[in-house]
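Q: Dropping a structure here in structure tokens format, bear with me for questions.
The values are calculated or read from the model by the stated rules, or taken from the named source; none is laboratory data. If you're wondering where the values come from, they're calculated on a predicted model, not measured in any experiment. Note that we place each Cβ from the backbone using ideal geometry, even for glycine, and neighbour counts take in every protein chain shown. For the accessible areas, the whole protein counts, side chains as well, though only heavy atoms, and no ligand, DNA or RNA atoms are used. Shrake-Rupley method; radii C 1.70, N 1.55, O 1.52, S 1.80 Å.
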Amino acid sequence: MLRAPVAPRPRKRSRPVEAGVPKCAEAKFEDVRIFLVERKMGSSRRSFLTQLARSKGFTVEDVLSDAVTHVVSEDIRASSLWTWLKSRAPPNLSTIRVLNIGWFTDSMREGRPVAVETRHLIQDVSPEVSPPTPVTTVSQYACQRRTTTENRNKVFTDAFEVLVEKYEFSDMEGPSLAFRRAASVLKSLPWEVRSLQATQHLPCLGEHTKAVMEDILQHGRSFEVERILSDEKYQTLKLLTSVFGVGPKTAEKWQRRGLRSLSDVLAEPGIQLNRMQQSGFLHYGDISRAVSRAEARALGSIIDEAAHAITPDAVLALTGGFRRGKEFGHDVDFIVTTPQLGKEGNLLSDVIDVLKRQGILLFCDHQASTFDMSKLPSHRFEAMDHFAKCFLILRLEGRHVDGGLHSDEGDSRGWRAVRVDLVSPPMDRYAFALLGWTGSRQFERDLRRFARLERGMLLDNHALFDKTKKEFLAATTERDIFDHLGLEYMEPWQRNA
Ligand code: UTP
Ligand code: MN
């Protein structure tokens with residue numbers, strides 16, 4: 001039987017509860033409103049803990065209202081606690097965090113609300129329930145959910161991803177984001193969803209997502225998703241956007257002109273392809289095929305050698321999906337920089353020159369840095385950061401890859417084209433760039449959303465800004481950034497949200 005971890009309980013005090021507890025301090029943490037459950041705790045301990053928390057600037061509510069964000073209980077029997085909570089039915093029950101006393105004592109010790117960790121959750125200990133599911137509080141933020149590459153709910157998340165795409169093609173951001181969030185929550189679960197009932201305490205699952213899941217649970221497939229997959233317009237947009245350099249807008253324009261296939265596009269006289277799209281078509285077969293980890297490693301050596309030929313103190317880091325432990329990716333992402341501040345400006349173009357001289361540069365879109373610390377913080381998130389970067393297509397020789405190329409059988413060329421992204425932040429921005437480029441996209445989105453909504457901070461690939469203190473927070477490692485945000489550290493392989 002699984003037992004919930006119980007935090008050490010302070011010794012019972014015999015003295016009057018008021019003694020020794022300082023008066024209320026000013027409320028410091030606006031986004032945290034605690035409710036202490038009296039059952040099991042008893043009224044005198046409850047009022048002692050209430051005063052203790054208030055003296056440290058925490059807001060403790062006397063009644064379980066809509067305002068409450070964190071419910072703390074010493075009763076760790078999940079089922080009875082949950083029944084009791086439901087009978088009180090605060091309207092926002094699904095978003096309230098229901099925690100054991102460990103979270104409370106940790107927060108008192110730290111003098112601030114600590115990030116909710118798995119050991120703070122009240123576990124269901126009734127033996128007939130398997131797997132043991134936390135009562136609630138899978139966080140609504142991906143940056144508080146450890147998500148590996150192992151996805152036990154692929155049947156659902158694959159379906160959701162089709163819907164994400166469909167709404168993206170129709171420029172409907174809201175529903176597209178809703179399905180992204182739902183997919184991300186299911187990816188984080190260490191168990192397989194077998195009934196809708198099992199999802200009732202999960203965040204980010206709305207009516208529409210549940211309807212899709214219900215279909216899959218009942219019939220093994222979603223009729224809505226099948227309709228989309230067989231829709232001609234969807235198929236065309238999906239095909240056209242799979243070309244490097246072709247976004248949804250261009251694809252839509254071509255689709256409206258009646259173009260349905262890649263050869264339709266190439267045969268259409270009136271169409272002017274830009275340089276990126278030309279390379280996209282030219283190397284379509286290669287770059288639409290996944291890149292293997294061994295190929296990523298081989299490219300790492302090539303870039304590393306090129307960068308070190310320019311400056312012996314070059315710094316190279318693998319980022320993107322491969323840093324998160326993925327076996328395959330659509331490209332390979334690297335940070336290339338130097339500890340000499342300001343020198344990173346030219347490093348990238350020098351590296352590109354080396355690759356060109358080696359005869360392996362098939363395409364290069366080099367964007368010079370537009371980074372300017374004095375223009376920060378930026379209040380709206382831009383898809384691209386301001387660091388110097390380049391989007392490349394490189395020629396990778398099979399003999400440089402351990403175990404050979406990940407290519408079609410019967411392909412006798414001995415080489416393949418691969419998409420590679422290089423970014424070159426100044427060294428004092430390194431931790432932010434590394435965190436931003438490691439992804440996943442959903443993890444990054446939720447880090448920024450968490451920073452803004454829960455901490456009053458602005459985070460992007462360049463910096464972290466505290467809006468209350470009106471200052472930038474320095475960081476030399478990713479851990480520093482998690483610390484500033486009051487988040488438990490997540491290893492890169494746990495960021496596959
Ligand atoms: P990718 O699109 O390469 O995704 O961007 P990925 O996770 O590596 O997945 P695959 O395997 O290639 O398909 C990597 C990360 O870099 C960030 C993205 O937000 C993503 O988190 N990125 C990319 C930026 O921050 N800025 C950019 O200009 C481009
Ligand atoms: Mn990538």
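Q: To the nearest 500 deg cm²/dmol, what mean residue ellipticity at 222 nm is calculated for the chain from DSSP H runs of n ≥ 4 alone, each contributing -39,500 (n - 2.57), summed and divided by the residues?
A: It comes out at -11500 deg cm²/dmol, rounded to the nearest 500.
Q: Kindly flag which residue pairs out of LYS343/LYS375; LYS40/LYS86; LYS210/LYS467; LYS40/LYS187; LYS28/LYS187 have an alpha-carbon separation exceeding 26 Å in this structure.
A: LYS210/LYS467; LYS40/LYS187; LYS28/LYS187
Q: So, one more: If you take the beta carbon distance between ALA67 and GLU491 as r and set R0 to 41 Å, what does 1/(1 + (r/R0)^6) give as a FRET efficiency, to the nearest 0.05?
A: E(calc), rounded to 0.05, equals 0.70.
Q: In nm, give the distance between the simple-model label positions of LYS23 and ASP231, each being 7 Å from the Cα along the Cα-to-Cβ direction.
A: 6.4
Q: Counting only protein heavy atoms and using a 1.4 Å probe, what share of the accessible area of the range 415-497 belongs to carbon plus sulfur, as a whole percent?
A: Here carbon and sulfur together make up 50 percent of the probe-accessible area.
Q: Just the projected area, averaged over all directions, of the convex hull on the alpha carbon atoms of the chain: how many nm²?
A: Value for the chain: 28.1 nm².
Q: Still on this structure, please answer the following. Sorted by average packing, counted as other Cβ atoms within 10 angstrom per residue and highest first, what order do 460-470, 314-324, 367-377, 167-177 take?
A: Final packing ranking: 314-324, 460-470, 167-177, 367-377.
Q: Among the lysines, select those whose C-alpha is under 22 Å from the C-alpha of LYS249, and discard any that sit fewer than 8 residues away in the same chain.
A: LYS166, LYS233, LYS238
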